[in-house]
Amino acid sequence: MLRREDDRLLTGHGCYVDDLFPEGAAHAVVVRSAMAHARLLSVAVNDAKAVPGVLTVLTGDDLIREGVGPMRSRMPMIGHDGKPMIEPERSALAQGVAKYAGQPVAFIVAETASAALEAAELVDIDYEDLEPVTDLAHAVSDGAPQLWDEAPRNVSLDWRIGNGSDVDAAIAAADHVVELTVNHPRAVVAPVEPRGCVGAFDSETGKYTLHTPSQGVVMLRAAMSEALGVDETDMRVITNDVGGSFAVKIWPYPEQILCLLAARLTGRPVKWIADRTESFVADAPGRGRLDRATLALTGDGMITAFRIDALADMGAFLNAVNPSIVTKGAVRVFTSCYKITAAEYRVQAVFTNATPTDAYRGAGKPESAGTLERLIDYACDKLGFDRAEIRAKNLMQPSDLPFHTPMGEDYDGGDYPEIFKKALAKADYQNYAERRTASEATGKKRGIGFGIHVHATGGSTAERSKVELTDDGKVRVRTGTQDSGQGHQTTLAQVAAETLGIDPSQVTVEQGDSAELQVGGGTGGSCLMPIAANTVHRAAIEMVENGKKLAGHIMETAAQDIEYEAGSFKVAGTDKAISFPELMARMGDIPAETLEPGLRGGCVGEMDFEGKHTTFPNGAYVVEVEVDPETGRVAVDRFVGVDDLGRIVNEPLAFGQVTGGIAQAIGEVLMEGSVYDPDSGQLLTGSLMDYAFPRADDVPFIDHDWAATPSPNSLLGVKGVGEVPSIGGPGPIMNAVIDAIAGYGVKHIDIPMTPQKVWTAIHTGG
């Protein structure tokens, strides 16, 4: 089944936030700090207020007067010493000190966008420049500038997990110990649709409405209500179509709070849409981790211990869930598919004068997986081991599963050696030497990289799905997840239709309105299939059971004598039957007083998520690259993958997710990475002129296959897919590049492996 959303979206009938033009809507512009670290001696706004058409200009002082509360992390964490994370107060508009370039300082609302822009130019900010810090290692060093008095060494949290004493013992007894520092720079997300919102306030009811692209409206409702000091019943959040997210649109942002406040103060709907430059300085970027990694091995190449000591970039403030991403998120796949019994992860969450970070596709796992795969290759190069052989011999065997990792995860099922073997065969590994020779003949250097990966799905288990018959006898599904391009309206319709034995065309899927959703965890952690689909499946079963009771009332038969098949209820042993449309048409024939309370709302099934929420999709990738030694340019020539996603509901959509994730992995390794000026703290890669994303011609044909081992943790046997390629993709690409230029003495290059870096490494020997 093809994606049902395509007909609408490809013909221009989508509805994104910038398509909304409420009557009387005003336009907003954000005035942002030009300095990365500076005292705000004054913020003069009188000239801005005098611009014709300006309705209001808000500053941090106004937020204090209006009682707007701070933005808070939604994931409080406790350090290994028992101390809670240090969370400085974060206002939607800077108060006293600007902590990063791009931080909102003033909010202009005007009749027109041009008037708002004109007024923004007239806001006069008097700064006292302070020394910034954007480099992680520098931030925790002696004498580094301090962002917050309450956070010595700029550390918010010091967190550890694993069996550290076992790691120490294994390192002490090891035949070989290798160490490597791997940097994972900040990655800008920049989906095609920028962030935006429309805030409205009804003075008669005292209720707010926020239209904004998101990955789930329920969490946003809670965050907006908390900031504005109102009950959640007075806050409605609506998400229509979303033009990509990759996690960046999950979080509450200052602009959403400000639009709602301004709507109340002006009595007008207020609309704000980010421009592309704002996306670079104001959207929460991903990654930002510096790993000091250690691997211990026996003489024959068995891995006995793995350790990472990491610094993780929080930016100037803690964001919605970034403390959890760099801790719990990072360790869920820490040892990957390898049978490593001694492992430890320590991370210090560090404040820097930069935009607050948060989850990005993979949510802490790509860093851990990439570091491990890179370290294995580094060890093989240093010690003379065969890279494919070492991986194969260290993989968990099917007999090892379920396997309890040192980080507390219980990997469920799969066959990791077989998947790797299948990937090698599909990649024609036995003839790789011939392709390498052929590349040499053209002046190119060919390299090959391997990677084995696993993902621990999850996300929020606060998920509720409702499946009900509509008046016309069709089926409506409501769920708290949110589509941002994955095709939820297709896959969830398929799940409901399959459960009910009807055609998917008879099913509609509704998301994105907090007025219809009291519970909903949103989309994150590749949770659609493991959590939402399973909950929809259970709700559909309950709808059938309730339908039997209703049909029994209509056909004057006990519910236990009613059979269900393919949209019809039948009295067992007779030809007496009633279809979905007939059932709904005759609901009025049933006296309300004879119905159980749960049936008075119609033929409905409603279920909260139950059971295990984590599944473990896994796979193996083999990547070949060609490097031009004269220019340093890297071309990904071959990308072969095998992924075990359990049962696949819609193969084209699953492959679309794999393809997109691999494209992002290519960009992350070869070209993407935020760069800050160390002296000023300014973002030097703040536009598409300075920050490179992969283009179509950077992505090769992806030769991909499936290995379906149903998950025992899922009623449907599904495992999830969204983040799998982002976790598994970077490692083998990195390793392929280093393999290609190893003949020049190159041992390691930090990502992004740009032509300049590669060329320099070739000509300097690393």
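Couple of notes before you dig in:
- Within the range 361-372, residues that are closer than 13 Å to P732 by Cα reach partners that are small (G, A, S) and part of a loop (DSSP other than H, G, I, E, B) with beta carbons closer than 8 Å, at six or more positions or on different chains, in the pairs P366/G729; A369/S336; L372/S336.
- Some residue of the range 696-710 being closer than 22 Å to G447 by Cα and free of Cβ contacts under 8 Å to residues at least 60 places away in the same chain: yes
- Within the range 295-313, the set of residues being under 16 Å from I340 (Cα atoms) and assigned to a strand (DSSP E or B) comprises L295, A296, L297, I303, T304, A305, F306, R307, I308.
- Hey, Y208 touching a residue at least 40 places away in the same chain (Cβ under 8 Å), under 30 Å from P22 (Cα atoms) and in contact with a Gly (Cβ under 8 Å, 6 or more places away or on another chain) or not: yes
- Verdict on I749 being surrounded by 24 or more Cβ atoms within 10 Å (Cβ to Cβ), in the same structural domain as A388 (by TED's automatic domain parsing) and either modelled with pLDDT of 90 or more or part of a loop (DSSP other than H, G, I, E, B) (or both): no
- The residue that is farthest from the chain's Cα centre (by Cα), counting only those in the range 150-170 that are buried (at least 16 other Cβ atoms within 10 Å of the Cβ) and not in a strand (DSSP E or B), is A170.
- Comparison of E66, E121 shows that the only residue that is modelled with pLDDT of 95 or more, within 22 Å of A282 (Cα to Cα) and of a type in the set (D, E, K, R) is E121.
- From the list L265, L260, L290, the lone residue that is in the same structural domain as F693 (by TED's automatic domain parsing), at pLDDT 95 or above, in contact with a helix residue (DSSP H, G or I) (Cβ under 9 Å, 6 or more places away or on another chain) and not in a loop (DSSP other than H, G, I, E, B) is L290.
Conditions (1) within 28 Å of the chain's Cα centre (by Cα); (2) more than 30 Å from T335 (Cα to Cα); (3) not in a helix (DSSP H, G or I), marked per residue:
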{"residue": "R436", "(1), (2), (3)": "no, yes, no"}
{"residue": "G449", "(1), (2), (3)": "yes, no, yes"}
{"residue": "I452", "(1), (2), (3)": "yes, no, yes"}
{"residue": "A456", "(1), (2), (3)": "yes, no, yes"}
{"residue": "E468", "(1), (2), (3)": "no, yes, yes"}
{"residue": "T491", "(1), (2), (3)": "yes, yes, no"}
{"residue": "E498", "(1), (2), (3)": "no, yes, no"}
{"residue": "S505", "(1), (2), (3)": "no, yes, no"}
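- Being in contact with a Lys or Arg (Cβ under 7 Å, 6 or more places away or on another chain) and over 30 Å from K99 (Cα atoms) holds for only one residue in I666, I749, I733, and it is I749.
- Exactly one residue out of A101, A28, A106, A119 is part of a loop (DSSP other than H, G, I, E, B) and within 25 Å of Q682 (Cα to Cα): that is A101.
- Applying a threshold of 9 Å to beta carbon distances and a minimum spacing of six or more residues, or different chains, the list of pairs starting in the range 329-353 at a residue that is farther than 15 Å from S368 by Cα and ending at one that is modelled with pLDDT under 95 and of a type in the set (F, W, Y) reads K339/F403.
- Listed by first and then second residue, the pairs linking a residue in the range 76-89 that is within 21 Å of T352 (Cβ to Cβ) to a residue that is in a loop (DSSP other than H, G, I, E, B) and among the acidic types (D, E), with Cβ atoms under 6 Å apart and 6 or more places separating them unless they lie on different chains, are I86/E150.
- Within the option set Y411, Y432, Y416, being out of contact with any helix residue (DSSP H, G or I) (no Cβ under 7 Å at 6 or more places or on another chain), over 22 Å from I303 (Cβ atoms), aromatic (F, W, Y) and touching a residue at least 12 places away in the same chain (Cβ under 8 Å) holds for one residue only, Y432.
- Residue-level analysis places N546 among those that are crowded, with 19+ Cβ neighbours inside 10 Å, over 35 Å from the mean Cα position of the chain (by Cα) and part of a helix (DSSP H, G or I).
- When each of S674, S687, S714, S726 is tested for being among the polar types (S, T, N, Q), over 30 Å from D628 (Cα atoms) and in contact (Cβ under 8 Å) with a residue 40 or more places away in the chain, the lone residue that passes is S714.
- Considering V242, V237, the condition of being β-branched (V, I, T), outside any helix (DSSP H, G or I) and under 16 Å from the mean Cα position of the chain (by Cα) is satisfied by V242 alone.
- Some residue of the range 436-446 being in contact with a Gly (Cβ under 8 Å, 6 or more places away or on another chain), touching a residue at least 60 places away in the same chain (Cβ under 8 Å) and within 30 Å of V758 (Cα to Cα): yes
- Residue within the range 617-636 that is within 30 Å of E409 (Cβ to Cβ) and not in a strand (DSSP E or B) present: yes
- Residue match in the range 713-724 (condition: assigned by TED's automatic domain parsing to the domain that holds F639, among the basic types (K, R) and either under 18 Å from A635 (Cα atoms) or in contact with a strand residue (DSSP E or B) (Cβ under 8 Å, 6 or more places away or on another chain) (or both)): yes
Condition check ((1) of a type outside the set (A, V, I, L, M, F, W, C); (2) on the phi > 0 side of the Ramachandran plot; (3) touching a residue at least 40 places away in the same chain (Cβ under 8 Å); (4) touching a strand residue (DSSP E or B) at 6+ places or on another chain (Cβ under 7 Å)) across all residues:
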residue	(1), (2), (3), (4)
A92	no, no, yes, yes
A116	no, no, yes, yes
D129	yes, no, yes, yes
V133	no, no, yes, no
A144	no, no, no, no
W159	no, no, yes, yes
G164	yes, no, yes, yes
A173	no, no, yes, no
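- Meets criteria (within 26 Å of L265 (Cβ to Cβ) and either assigned to a strand (DSSP E or B) or of a type in the set (D, E, K, R) (or both)) for V51: no
- Members of the range 667-688 that are part of a loop (DSSP other than H, G, I, E, B) and under 29 Å from G656 (Cβ atoms): M671, E672, G673, S674, T685, S687, L688
- Only one of V182, V198, V192 that is touching a His at 6+ places or on another chain (Cβ under 7 Å), within 30 Å of L683 (Cα to Cα) and of a type in the set (V, I, T): V198
- Any hit, the range 676-690, residues being crowded, with 21+ Cβ neighbours inside 10 Å and charged (D, E, K, R): no
- Verdict on D472 being more than 25 Å from P712 (Cα to Cα) and of a type in the set (D, E): yes
The values are calculated or read from the model by the stated rules, or taken from the named source; none is laboratory data. This one's a predicted model, so the numbers in the text were calculated from it and none came from an experiment. FYI the Cβ positions are ideal-geometry reconstructions off the backbone, even for glycines, and counts take in every protein chain you see.
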